[in-house]
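Undergrad: Got a structure here, written out as structure tokens. Questions coming.
The values are calculated or read from the model by the stated rules, or taken from the named source; none is laboratory data. For clarity, every value in this text was computed on a predicted model and none was experimentally measured. Cβ sites come from the backbone with ideal geometry, for glycine too, and all protein chains shown count toward neighbours. With ligands, DNA and RNA removed, areas are computed over all heavy atoms of the protein, side chains included. Shrake-Rupley method; radii C 1.70, N 1.55, O 1.52, S 1.80 Å.
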Amino acid sequence: MRGEEEAARAIERYGDMVRRLCLVHLKNPADTEDIFQNVFLKYVLSPVVFESPEHEKAWLIRVTLNACKDLVKSFFRSRTVPLEELLDQPAPLLEEHREVLEAVLALPPKYRDAVYLHYYEGYTAAEIGKLLGKNTNTVYTLLNRAREQLRETLGGDRDG
């Protein structure tokens, strides 16, 4: 079990990343906070000894993605509607760069993961492949297809 100082350090270092990953997957701030708490609870209780900061970050990404996928598949989640849809108001975290975020959120999940990890976290295709259990060339394909869909959605030119 990890101590309070180590947990606080991890939350300071990786908290924003975990929240963004959750928001990209769940599109719901309340579910994002629930998963955020669960991820860091698992972190505190985990006996895993991290070899490096990169290993620790990769572990947190994997745990976050798995927790999001589990929630999305859950019986309860499949029978609820996000509050934002009911109120027809944007989530507070989506205000900045709303058009781009909406376009990214509209991508199929396999594209969202690759786009988030590449553009927001700065991972290479090879690193994303390891994190997601996919071939590097598959990651390149996912990124290219996602960029094409975003270009169509956002009306960008083909040179960028």
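Undergrad: Out of the helices (runs of 4 or more DSSP H) lying entirely within the stretch 108-160, which hold 1 or more residues that are of a type in the set (Ser, Thr, Tyr)?
TA: Hits in the stretch 108-160: 109-115, 136-154.
Undergrad: Out of (1) at pLDDT 90 or above; (2) open to solvent by 50 Å² or more (accessible area, probe 1.4 Å), the odd one out for residue 75 is which?
TA: Failed condition: (1).
Undergrad: Quick one: residue 49 ticks every box in (1) under 22 Å from residue 109 (Cβ atoms); (2) outside any helix (DSSP H, G or I) except a single one, so which number is it?
TA: That leaves (1) as the condition not met.
Undergrad: Considering only residues that are in contact (Cβ under 8 Å) with a residue 12 or more places away in the chain and farther than 27 Å from residue 110 by Cβ, look in the stretch 14-45 and name the one that is surrounded by the most Cβ atoms within 10 Å (Cβ to Cβ).
TA: 44
Undergrad: Just give me the residues in the stretch 27-42 being under 17 Å from the mean Cα position of the chain (by Cα) and either outside any helix (DSSP H, G or I) or more than 21 Å from residue 133 (Cβ to Cβ) (or both), in sequence order.
TA: 27, 28, 29, 30, 31, 32, 33, 34, 36, 37, 38, 40 - these are the residues of the stretch 27-42 that are under 17 Å from the mean Cα position of the chain (by Cα) and either outside any helix (DSSP H, G or I) or more than 21 Å from residue 133 (Cβ to Cβ) (or both).
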